[in-house]
Amino acid sequence: QVQLEESGGGLVQAGGSLRLSCAAPGSIFAINEMGWYRQAPGKQRTLVGRCTSSGTTTYADSVKGRFTVSRDNAKNTVYLQMNSVKPENTAVYYCYYDLGVIRNWGQGTQVTVST
């Protein structure tokens, strides 16, 4: 499995902002969808948001209007801008990219929102 490099996680106060980044190897071409999932303790991994190669985005209802997924195709990088974060956003955030029918995952980055 090809490695992705995630960065940007950490501790943030409720109401604050955080930006996550995730880079796939630059040697890879024709990446389809890229996006983010999250997994809170004791819960299933769920979709946060995703972005197609043409720039169409989809979000979970709980983050619409607060989180933004974007990508830089030249850098094979996907971003997650998190604004107005809430304690319930605390989770491990996983990025992914699709190459054909294969989904490749990042190792996860912890985001903790304090009250």
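The values are calculated or read from the model by the stated rules, or taken from the named source; none is laboratory data. Here the structure is a predicted model, which means the values were calculated and not measured. When we count neighbours, we look across all protein chains shown, and the Cβ atoms used for this are built from the backbone with ideal geometry, even at glycine. These accessible areas exclude ligands, DNA and RNA; they are computed on the full protein's heavy atoms, side chains included. Shrake-Rupley method; radii C 1.70, N 1.55, O 1.52, S 1.80 Å.
Which residue is least open to solvent (accessible area, probe 1.4 Å), if the candidates are limited to the stretch 49-77 and must be part of a strand (DSSP E or B) and among the small types (Gly, Ala, Ser)?
If we take residues in the stretch 49-77 being part of a strand (DSSP E or B) and among the small types (Gly, Ala, Ser), then GLY49 is least open to solvent (accessible area, probe 1.4 Å).
For THR57, which of the numbered conditions (1) β-branched (Val, Ile, Thr); (2) within 17 Å of ALA24 (Cβ to Cβ); (3) within 15 Å of the chain's Cα centre (by Cα) fails to hold?
With respect to (1) β-branched (Val, Ile, Thr); (2) within 17 Å of ALA24 (Cβ to Cβ); (3) within 15 Å of the chain's Cα centre (by Cα), THR57 is out only on (2).
Checking the conditions here, which among GLY15, GLY9 is open to solvent by 40 Å² or more (accessible area, probe 1.4 Å) and touching a residue at least 60 places away in the same chain (Cβ under 8 Å)?
That would be GLY15, the only listed residue that is open to solvent by 40 Å² or more (accessible area, probe 1.4 Å) and touching a residue at least 60 places away in the same chain (Cβ under 8 Å).
Does the stretch 78-103 hold any residues that are open to solvent by 10 Å² or more (accessible area, probe 1.4 Å) and either part of a strand (DSSP E or B) or free of Cβ contacts under 8 Å to residues at least 60 places away in the same chain (or both), and which are they?
Matches in the stretch 78-103: TYR79, GLN81, GLU88, THR90, VAL92, TYR94, ASP98, LEU99, VAL101, ILE102, ARG103.
Within the stretch 33-43, track down each residue that is assigned to a loop (DSSP other than H, G, I, E, B) and within 15 Å of the chain's Cα centre (by Cα).
GLU33, ALA40
State yes or no: is SER27 assigned to a loop (DSSP other than H, G, I, E, B), open to solvent by 40 Å² or more (accessible area, probe 1.4 Å) and at pLDDT 95 or above? Can you show your working first?
Values: assigned to a loop (DSSP other than H, G, I, E, B): yes; open to solvent by 40 Å² or more (accessible area, probe 1.4 Å): yes; at pLDDT 95 or above: no.
Here the answer is no, as SER27 does not meet what is asked.
Taking THR46, is it in contact (Cβ under 8 Å) with a residue 12 or more places away in the chain and within 13 Å of the chain's Cα centre (by Cα)?
Considered against the rule, which asks whether it is in contact (Cβ under 8 Å) with a residue 12 or more places away in the chain and within 13 Å of the chain's Cα centre (by Cα), THR46 comes out as yes.
Right, ALA40: among the small types (Gly, Ala, Ser) and either open to solvent by 70 Å² or more (accessible area, probe 1.4 Å) or in contact with a Leu (Cβ under 9 Å, 6 or more places away or on another chain) (or both) or not?
Criteria not met by ALA40.
Based on this model, can you work out whether LEU4 counts as more than 11 Å from the chain's Cα centre (by Cα), buried (at least 17 other Cβ atoms within 10 Å of the Cβ) and hydrophobic (A, V, I, L, M, F, W, C)?
Values: more than 11 Å from the chain's Cα centre (by Cα): yes; buried (at least 17 other Cβ atoms within 10 Å of the Cβ): yes; hydrophobic (A, V, I, L, M, F, W, C): yes.
Taking the combined requirement at face value, the residue satisfies it.
Taking the stretch 5-24 as the region of interest, how many residues are under 23 Å from VAL113 (Cβ atoms) and either basic (Lys, Arg) or not in a strand (DSSP E or B) (or both)?
Count: 7.
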